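Report on the structure given below.
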Amino acid sequence: MTAAMREAGEVWPGTGASVLYLPVEGQVPGGALSDRESAVYAAFRLEKRRREWLAGRLAAKALLSADGPAPAACDIGMDKFGRPCCGQALVSISHSNGWALAAVKPGSQFLGADLEKIEERHPAWYSDYFHPAELASRDPSEATRLWTVKEALLKALGLGLMADPLDIRTGERVMLSGKALERYREMGSPRYSVETRNYPAGFWTAVAA
């Protein structure tokens, strides 16, 4: 874990979360993984999945170890909602088409991040995952941006795709319903912000915190 990697993390002012991107390369730096994480890494059968998992963990550890702890000491497990965490610190990890990112916000109990490549999709995707009022047209870039918002929120809620993406209605004001609303209330209805960026080139990223 290099100092350059740790310094590459940037705080997004809209959410207060630190975000770091890393390319998916698949090389394990010495002392980066705990014994438990090394076993998880070795158990992956698909090389692509192994490399994506590793890049996401390395990005998260670079952020978590910025204040001094050794990367291997930052063992990333899961909390009761299935969200990645290191001790009491929530972590959110995403990867897409050769890139991985991690987001960390100390003290936050509501954190989710998503990274998606902008690309044309099957027509059914637009109708299955978006309310008609959310999209003025089937624009791949705007649809991808809104999809990252939904994914980031579903991760922050610890639901993933266990909830219907239509339970989150995007727009000037996000509206929750169904399982998403139930989980949000279970968490105490925390206040949060969502920030999106068209980065890296050809991708959208959303962070909810």
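The values are calculated or read from the model by the stated rules, or taken from the named source; none is laboratory data. From a predicted model like this one, the values you see are computed outputs, not experimental measurements. Neighbour counts run over all protein chains shown; Cβ positions are idealised from the backbone, glycine included.
Annotations for the structure displayed:
- Every residue from region 161-172 that is surrounded by fewer than 16 Cβ atoms within 10 Å (Cβ to Cβ), touching a residue at least 24 places away in the same chain (Cβ under 8 Å) and not in a helix (DSSP H, G or I): Gly171
- Taking residues in region 179-201 that are over 18 Å from Asp167 (Cβ atoms), and partners anywhere that are surrounded by 14 or more Cβ atoms within 10 Å (Cβ to Cβ) and among the polar types (S, T, N, Q), the pairs with Cβ atoms closer than 7 Å and at least 6 places apart or on different chains are Ser193/Thr15; Glu195/Thr15; Thr196/Thr148; Thr196/Thr205; Arg197/Thr205; Tyr199/Thr205.
- Of note, Gly77 satisfies the criterion of being within 19 Å of Lys155 (Cβ to Cβ), out of contact with any Leu (no Cβ under 8 Å at 6 or more places or on another chain) and not polar (S, T, N, Q).
- Residues within region 1-56 that are loosely packed, with under 15 Cβ neighbours inside 10 Å, modelled with pLDDT of 90 or more and not in a loop (DSSP other than H, G, I, E, B), tallied: 12
- Ser92 being in contact (Cβ under 8 Å) with a residue 60 or more places away in the chain, surrounded by 14 or more Cβ atoms within 10 Å (Cβ to Cβ) and assigned to a loop (DSSP other than H, G, I, E, B): no
- Subset of region 141-160 (residues that are closer than 20 Å to Tyr199 by Cα and exposed (fewer than 14 other Cβ atoms within 10 Å of the Cβ)): Ser141
- Counted residues, region 173-194 - those being part of a loop (DSSP other than H, G, I, E, B) and within 18 Å of Ser108 (Cβ to Cβ): 8
- Selection of region 78-88 for residues being touching a Cys at 6+ places or on another chain (Cβ under 9 Å) and either assigned to a loop (DSSP other than H, G, I, E, B) or surrounded by 13 or more Cβ atoms within 10 Å (Cβ to Cβ) (or both) yields Asp79, Cys86, Gly87.
- Ser65 falls short on exactly one of the conditions (1) free of Cβ contacts under 8 Å to residues at least 60 places away in the same chain; (2) outside any loop (DSSP other than H, G, I, E, B); (3) out of contact with any Leu (no Cβ under 8 Å at 6 or more places or on another chain), and that condition is (1).
- Single residue of region 161-186 satisfying the filter (of a type in the set (Ser, Thr, Tyr) and farther than 24 Å from Asn198 by Cβ) that is nearest to the chain's Cα centre (by Cα): Tyr184
- Being over 18 Å from Ser92 (Cα atoms), in contact with a Ser or Thr (Cβ under 8 Å, 6 or more places away or on another chain) and not aromatic (Phe, Trp, Tyr) is a property that Glu142 lacks.
- Of the listed requirements (1) in contact with a strand residue (DSSP E or B) (Cβ under 7 Å, 6 or more places away or on another chain); (2) closer than 27 Å to Phe81 by Cα, Tyr129 misses just one: (1).
- Taking the listed residues Arg83, Arg51, the one that is closer than 30 Å to Thr144 by Cα, touching a helix residue (DSSP H, G or I) at 6+ places or on another chain (Cβ under 8 Å) and charged (D, E, K, R) is Arg83, with no other qualifying.
- Leading residue by the ranking (farthest from Glu186 (Cα to Cα)) among those in region 106-134 that are among the aliphatic types (A, V, I, L, M) and touching a helix residue (DSSP H, G or I) at 6+ places or on another chain (Cβ under 8 Å): Ile118
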